[in-house]
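S.K.: Below is a structure I'd like to ask you about.
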Amino acid sequence: MTRYQHLATLLAERIEQGLYRPGEKLPSVRSLSQEHGVSISTVQQSYQVLENLQLITPQPRSGYFVAPRKAQPPVPAMSRPVQRPVDVTQWDEVLTLLDARTDKAIIPFGGGAPDITQPTLKPLWREMNRVIQHQLHDVLSYDTLPGRRELREQIARLMLDGGTSLSADDIVIASGCHAALTLALLAVCQPGDIVAVESPCYYGTMQLLRGLDIKAIEIPTDPNAGISIEALELALEQWPIKGVILVPNCNNPLGFIMPEARKKAVLSLAQRHDIVIFEDDIYGELATDYPRPSTIKSYDIDGRVLFCSSVTKTVAPGLRVGWIAPGRYLDRVLHKKYAAIGTNVPGTQLAVAAFIRDGHYHRHVRRMRQVYQHQLETYTCWVRQYFPCGICVTRPQGGYLLWVELPETVDMVCVSRALCQLKVQIAPGSLFSASGKYRNCLRLNCALPLTEANREAIKHLGVAIHNALEA
Ligand SMILES: Cc1ncc(COP(=O)(O)O)c(C=O)c1O
């Protein structure tokens with residue numbers, strides 16, 4: 001975080017805590033610069049950030065004042081999906097979203113890519129060069145079936161932060177979290193089986209179910225606390241469900257972290273009904289609060305949690321480095337991996353292992369947590385400023401995704417088509433439902449930098465939504 005962002009965050013916190021009250025005059029630029037040992041222009045930049053966030057207002061020749069408090073938009077209510085097993089639809093819509101990746105002129109608010117421009121990633125690029133220069137033989141050779149041991153050792157170390165104590169031998173490398181989830185599902189399920197998912201649920205995971213001929217049953221999910229344990233229990237009593245896919249930490253798309261008691265409750269429900277949990281922790285390391293939240297896997301005593309993750313969101317998607325800790329399904333996962341994929345590419349595994357081992361990963365993730373928190377706050381303010389009244393917005397506890405619910409009459413599928421002409425891409429909510437619900441919702445990627453062009457894009461989005469409301 002830069003100095004001015006740091007100061008802006010500090011002042012925003014003081015306003016939030018009521019240390020500066022609405023209408024109160026803020027310290028002068030000069031006195032803040034002396035107090036914090038920063039330049040006048042740094043303070044001015046911080047005040048500009050707070051002004052953009054509508055937390056303060058300038059008054060000519062008088063200075064800056066705390067803005068009157070605007071009510072925060074409410075968080076969406078618990079979802080109410082159709083609670084029966086269905087075949088996943090929406091593939092054409094997902095394909096349209098994926099196709100947009102080829103057009104560099106598009107502002108990709110609809111995707112889920114992280115910011116890969118930060119200086120804390122430089123050691124990784126250096127490591128990739130070093131690996132090619134000094135370990136070319138390893139880079140060009142077959143990998144071992146479970147993946148490079150030096151990487152699995154580092155992942156075992158990382159997993160300790162989430163409370164899970166495993167050895168390198170308990171972990172299998174996969175080319176991303178999607179591949180890890182594929183192996184997990186292949187190891188447990190047959191075509192025709194039923195798997196429960198949170199609703200809304202990340203569209204890639206649902207298309208994976210469709211690809212494996214597995215039916216999805218969507219379970220009501222609370223945007224603050226996660227899947228409804230009661231609704232899941234009811235579904236388990238009614239249907240022969242094989243397992244449940246959960247993103248309990250910094251959920252995609254809702255951003256919640258499941259409270260610890262709920263993580264334990266869902267695991268004991270899984271034990272009672274003898275089902276598995278497919279735990280997807282891809283955003284878990286990006287929790288705003290430190291230390292990071294624990295994983296469901298950390299409570300797993302009988303190996304029924306198949307834990308999947310990757311460095312896609314924390315480091316970079318192009319590395320294609322992910323992993324699975326499959327518990328009692330280890331042998332099956334290894335066989336499915338051999339049958340479906342063979343082995344992985346060793347080069348990026350070696351570079352990522354060194355990046356973690358030398359402390360660069362933790363430094364980078366620490367920085368990104370702050371960057372994303374600041375960006376989430378700013379995008380939330382822009383949404384509040386440019387979108388119509390009557391919206392609900394999530395308050396993510398980490399990651400960089402924002403979920404917005406609009407009045408029922410707004411069809412975001414139509415709005416997103418209209419936005420294509422303006423080269424602004426968003427993810428309509430219907431992608432996140434097996435049966436195309438949530439057409440009045442959208443997901444925004446707040447990893448995109450806080451540029452004027454991106455602010456303009458949110459403004460255009462707001463106008464398009466206003467137009468849709470009035471149509
Ligand atoms: C929740 C979730 N799981 C899995 C994936 C797939 O991750 P990867 O790119 O590592 O395969 C994503 C990517 O967006 C995701 O958001």
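S.K.: For a quick check of your reading of the filter: which trypsin sites (Lys or Arg not before Pro) in region 126-211 sit in a DSSP loop and have no more than 15 other Cβ atoms within 10 Å?
M.R.: none
S.K.: Could I have the simple spin-label model distance between Ser62 and Ala225, label points 7 Å from Cα toward Cβ, reported in nm to one decimal?
M.R.: Rounded to a tenth, the inter-label distance reads 4.4 nm.
S.K.: Determine how many Å³ per residue the convex hull of the Cα atoms of region 90-243 encloses.
M.R.: So the per-residue Cα hull volume is 196 Å³.
S.K.: Per residue, how big is the convex hull of region 123-359 when only Cα atoms are used? Give it in Å³.
M.R.: Per residue, the Cα convex hull of region 123-359 comes to 111 Å³.
S.K.: Now for a separate question. Please work out the average accessible area per residue across the chain, using the 1.4 Å probe convention, and give it in Å².
M.R.: 43
S.K.: Could you work out how far the C-alpha centroid of region 123-139 sits from that of region 276-322, in angstrom?
M.R.: Each part reduced to its Cα centre gives a spacing of 26 Å.
S.K.: Over region 3-66, one equal point on each Cα, no solvent: what is log10 I(q)/I(0) by the Debye formula at q = 0.14, 0.28 Å⁻¹?
M.R.: With one equal scatterer per Cα and no solvent, log10 I(q)/I(0) is -0.33, -1.41.
S.K.: Further question on the same structure: In whole percent, how big is the carbon plus sulfur part of the accessible area of the chain, probe 1.4 Å, protein atoms only?
M.R.: Accessible surface attributable to carbon and sulfur in the chain totals 53 percent.
S.K.: Just list whichever of Lys264/Lys313; Lys242/Lys263; Lys104/Lys423; Lys215/Lys297; Lys242/Lys264; Lys215/Lys242 have alpha carbons separated by over 21 Å in the model shown.
M.R.: Listed pairs above 21 Å: Lys264/Lys313; Lys215/Lys297.
S.K.: Output the antiparallel fraction of DSSP beta bridges having both residues in the chain, as a percent to the nearest 5.
M.R.: If we restrict to bridges inside the chain, about 55 percent are antiparallel.
S.K.: Same structure again: How far is it, in nm, from the label point at Arg363 to the one at Glu13 when both lie 7 Å from their Cα along the line to the Cβ?
M.R.: 2.3
S.K.: Now for a separate question. Under the definition of Cα pairs under 8 Å and six or more residues apart, what whole-number percent is the relative contact order of the chain?
M.R.: Relative contact order for the chain comes out at 21 percent.
S.K.: A further question on this structure: Would you work out the Kirkwood radius for the chain? I mean one over the mean of 1/r across all pairs of different Cα atoms, in Å.
M.R.: 23.4
S.K.: Tabulate in residue order the Karplus-calculated ³J(HN,Hα) for region 90-97, using 6.51 cos²θ - 1.76 cosθ + 1.60 with θ = phi - 60°, rounded to whole Hz; enter x for Gly and Pro.
M.R.: Couplings: 6, 4, 4, 5, 5, 4, 4, 4 Hz.
S.K.: Another question about this same structure. Multiply the residue gap between Lys264 and Gln48 by 0.36 nm, knock off their C-alpha separation, and tell me the result in nm, one decimal place.
M.R.: 73.3 nm
The values are calculated or read from the model by the stated rules, or taken from the named source; none is laboratory data. These figures come from a predicted structure and were not determined experimentally. Cβ coordinates were reconstructed from backbone atoms using ideal geometry, including for glycine residues, and neighbour counts include every protein chain displayed. These area figures cover heavy atoms from the full protein model, side chains too; ligands, DNA and RNA do not enter into them. Shrake-Rupley method; radii C 1.70, N 1.55, O 1.52, S 1.80 Å.
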